[in-house]
Every structure is written in C-alpha cells, then in structure tokens.
Amino acid sequence: MSDHYSTLGVSKDASPEEIKKAYRKKARQLHPDVNPSEEAAEEFKRVTLAYEVLSDNEKRRNYDATGDEQGRAGFPGGAGGFGGFGSGSFGFQDLFDMFTGGGGQSGPASRVRQGQDALINVSISLKDAVFGVEKTVELNTAVTCKSCEGEGTAPGTHPETCETCHGQGFMQRRVQSILGTVMQQVECPSCQGYGTVIKHRCPECHGQGRVGEKLPLTFTVPAGVNDGARIRLRGKGEAGLNGGPNGDLYIDLNVKRDKYFVRDGDNLTTTVNIPMVAAVLGTTVPLETFDGVQEITIPEGAQSGDIVTLNGLGVTRLHSDKRGDLQVRIQVTTPTNVNSEQRELLQKFAELRGEDLHEGTHVKQKHGLFSRLKDQFK
C-alpha cells in the first residue's frame, strides 16, 4: 500500500494549501499529454487518489486512523471485530465487493478535469515563412481563477464532505432482479458522485475554478513552414476545471500571397521587366529582395523567359539553415506607340541586321525522354 503523503511529497501535518500545491506540481509533470509513458500514467493515478483523500478532511482523518487508501472509515472494532480479515481498515465496500464481485465505483469522482484543446488561425507573410518569425497574438482562453486558485470555492472555504453519501460519492439501493433482491451502486444525487459539495462557490468563477481572459501569446514560427502548417503548443490551451491541467493549443498558419514573389518548393520566383535595348546590349539592374537590394546582371541578347538564378536567396529549408534559390525570370518589354523618328531608326536597325520584317521562324519543340515515352504509349 502506497503512502499518500509520500506520493505527494508532503509531511503528515501538511496544510490543505501545501497539499493542493504539491498535487498541481505533480499533475503537471505526470499528465499523459506531457509524459505519455505507462509508468507516468500509473503514478498520475496514484497522485490523483492521494490528493482526493488528503484534500477531504473526513477522508484524511479516516486514512490517518485506518490506513485505508480510499479514506473510508471501516467497521467499528477494527481488527478485534473482524480479525480474520487482517487490519481494522476493512470497510463496507470491501465486504460488498466480496458478494458482488466488485466492479462498482471505488471512490468519489474527481472534480479535476483537463482543459480543452484550442485552435486558432494566424496569417503570416511569405517573408515570415522564409526566415521564421516570433508572433504575438491576443488569445481568448480560460485561465485558472486567481481568487480561489482553481478550487472553485469562496475565499476562506473549501469543499465539504457530502452529508448524504458521507464522502463516498455513491449510494446503495435495493433492486429486484431474477436473483432476488440485490444492492445496486448509484451516484449520489446530492454531490453528483464527487463526495464533496461546494456550499460557497467562488464569486469570480462560480465554482468552475477557471475564468475567461484575453491574454497575449507569443510563439515562434519556424523558418520554412508551408501554407496550412499546424503548430502545437502543449499546455497552452484552456485551463482545466478545478485546477486541472491545461489543454493544448493548435495554430493553423495561413501564408499570405506576396506582391512580387512566388514560392516553388524551397525556391522563390519573380519576374523583372527590362527594356528591349537593355536586353540587346545587356545591363545590370537593382532588385529588391527579402535579403535587401541585389544587383541582377542581364547578359547581352537576353530573351523573355530567360532565368537568372541568385543562389541561396530562396526559402529556408524546414529545420535546416540551408536555403533554396531565387529565380528571376526576364520579361523583355516591347516598345509601343513609337513615333516616326523611332520607327525610322528601328527599320534602319533591321536593315543593318538583314532582318526581314515579314518573315517568321517556326520554332522546333524540344521533347525530353519522358515526353517521347509518353508519345509511344499514345
């Protein structure tokens, strides 16, 4: 049999506040969402049982007197009255289980409940997705009530042992069955199975142990995230009922479209318009990028659709410090609304190059291996 005081790590003369503080600390460390191991799950059950017994004055007295793990009073007379059963902690529930095979409620239910998970949507820019960013948002959530510290009771009061079920959380009633009259275990209607009643509810949280509040939340968006990515923040969801652990917070990311850049995997693409003469002669143009202004060298004879690659100026690979490339597509601007002098100069230019203004060249299509195999199957 485990020692409830040792389980919570408190002394036998610990105050209710010390017991509650010790339980909260243990519960946060052992909750399945924080520590999913089987050993932690079993320890979490032991810690919760210890708190349920030691936080109830009557159960604590019974536990100190009899050693019964559930804090039950046992039968009068102790070992002298039922010496054949061992210690004097043998209670009515044990006797009931002997005849019914057990399986009923073994003790009062805990008021402590884990908080709900929460989901929010957050929009970020493409630049934020490239480099990562620290975001702060306003979060409407439930937090532990500061007035009662999650207990749900008015200041200076605590849950009191239910007078109907005497802290058991359940009652016995006689019912008729094919086997005759049997005893059936039912939830106590006075305390709803908790074994305690809150006669004086906290005016701030109305007995819930938590209140609604708007809080600033700061979180980190890792570099390289994609549109639609989901971030999980453990323990940042709603506070639980009556001091229970928080749920988790899920953040769905929406990467907004950028005015100039488009993401293609780990690369960024953009288009730069250049004048026809600049494309013919070649030039250097400044380009505003996410890394500041970069000089783009346009080679002589550049054509629309040509790509200039700036290595390492693309998207950061997720969970890495390496980056893709920035691919700049050249778009040659054809002059419009030329005047007579300009037209004459262009015609002279064509004559000097021996170009026929009324003749076009049919461009051959380039088919790769995959295209040729596809054509064969057709």
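In table form, for the structure just shown:
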| read-out | value |
| --- | --- |
| Test set (1) open to solvent by less than 20 Å² (accessible area, probe 1.4 Å); (2) β-branched (Val, Ile, Thr); (3) not assigned by the TED database to the domain that holds Ile124 - Val175 fails condition number | (1) |
| Residue under evaluation Phe349, criteria (1) over 26 Å from Val221 (Cβ atoms); (2) at pLDDT 95 or above; (3) of a type in the set (Phe, Trp, Tyr), criterion not met | (2) |
| Region 134-155: number of residues that are over 20 Å from Gly195 (Cα atoms) and more than 18 Å from the chain's Cα centre (by Cα) | 6 |
| Some residue of region 7-16 being open to solvent by less than 20 Å² (accessible area, probe 1.4 Å), closer than 19 Å to Arg72 by Cβ and under 32 Å from the mean Cα position of the chain (by Cα) | yes |
| Residue selected from region 356-369 under the condition open to solvent by 90 Å² or more (accessible area, probe 1.4 Å) and either of a type in the set (D, E, K, R) or in contact (Cβ under 8 Å) with a residue 24 or more places away in the chain (or both), by the criterion farthest from Asp227 (Cα to Cα) | Glu359 |
| The listed residue being surrounded by fewer than 16 Cβ atoms within 10 Å (Cβ to Cβ), farther than 30 Å from Arg263 by Cβ and not assigned by the TED database to the domain that holds Glu52, out of Val186, Val211 | Val186 |
| Which numbered condition Arg61 fails, given (1) open to solvent by 40 Å² or more (accessible area, probe 1.4 Å); (2) of a type outside the set (Gly, Ala, Ser); (3) outside any helix (DSSP H, G or I); (4) at pLDDT 80 or above | (3) |
| Residues satisfying the stated conditions in region 326-348, i.e. open to solvent by less than 100 Å² (accessible area, probe 1.4 Å) and over 60 Å from the mean Cα position of the chain (by Cα) | Val338, Asn339, Ser340, Gln342, Leu346, Gln347 |
| Residue in region 267-279 that is touching an Asp or Glu at 6+ places or on another chain (Cβ under 8 Å), assigned by the TED database to the domain that holds Ile307, surrounded by 14 or more Cβ atoms within 10 Å (Cβ to Cβ) and not in a loop (DSSP other than H, G, I, E, B) present | yes |
| Residues of region 286-307 satisfying the condition of being of a type in the set (D, E, K, R), part of a strand (DSSP E or B) and within 17 Å of Asn267 (Cα to Cα) | Glu288 |
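The values are calculated or read from the model by the stated rules, or taken from the named source; none is laboratory data. Source: prediction; values computed, not measured. As a convention, Cβ positions derive from the backbone with ideal geometry for all residues, glycine included, and neighbour counts pool all protein chains shown. We work out accessible area using only protein heavy atoms, side chains counted, and drop any ligands, DNA or RNA first. Shrake-Rupley method; radii C 1.70, N 1.55, O 1.52, S 1.80 Å.
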